Amino acid sequence: MLVHNWREVLKRAWSVRLMITAALFSGLEVSLPLLDGYVDIPPRLFAVLSGLTVSAAFIARLMAQKGVSDANQ
């Protein structure tokens with residue numbers, strides 16, 4: 001069941017922002033073979049960054065954020 005203010009949560013919640021960032025890192029990781037020879041990036045860098053970002057999103061989801069509440073009002 002969606003929270004009553006889901007649009008506000010999508011706009012303001014850090015957990016959502018961090019999950020979008022993790023998705024971008026995952027996409028960059030997948031595209032690295034296409035950039036082989038053009039950029040010098042360690043092979044597992046984006047995988048590590050994605051994992052750290054997902055961990056931060058999990059923590060952010062559990063923390064109360066000013067201006068964003070899941071509680072039914």
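No value in this document is a laboratory result; all are computed from the given coordinates. These figures come from a predicted structure and were not determined experimentally. Here the Cβ positions follow ideal geometry from the backbone for every residue, glycine too, while neighbour counts run over all protein chains shown.
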#### Entry: Calculated log₁₀ intensity ratio I(q)/I(0) where the Debye formula runs over C-alpha points of the chain, q = 0.21, 0.27 Å⁻¹
-0.86, -1.15
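Using DSSP to call loops (not H, G, I, E or B), can you name the trypsin sites (Lys or Arg not before Pro) in the chain whose Cβ has at most 12 other Cβ atoms within 10 angstrom? Let's see the in-between values first.
Working: sites: Arg7, Lys11, Arg12, Arg17, Arg44, Arg61, Lys66; in loops: Arg44, Lys66.
Counting only loop positions with at most 12 other Cβ atoms within 10 Å, the trypsin sites (Lys or Arg not before Pro) in the chain are Arg44, Lys66.
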### Task
Pairs of Cα atoms under 8 Å, at least six residues apart: use those to get the relative contact order of the chain, whole percent.
52
### C-alpha long axis of helix 14-31 to longest principal axis of the chain, angle in °
20
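If r is the Cβ-Cβ distance from Leu28 to Met1 and R0 is 35 Å, what FRET efficiency results, to the nearest 0.05?
Numbers: r = 34 Å, r/R0 = 0.96.
Efficiency at R0 = 35 Å is approximately 0.55.
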### Task
Could you work out how far helix 45-62 tilts from the main Cα principal axis of the chain, as a 0 to 90 degree angle to the nearest 10?
10
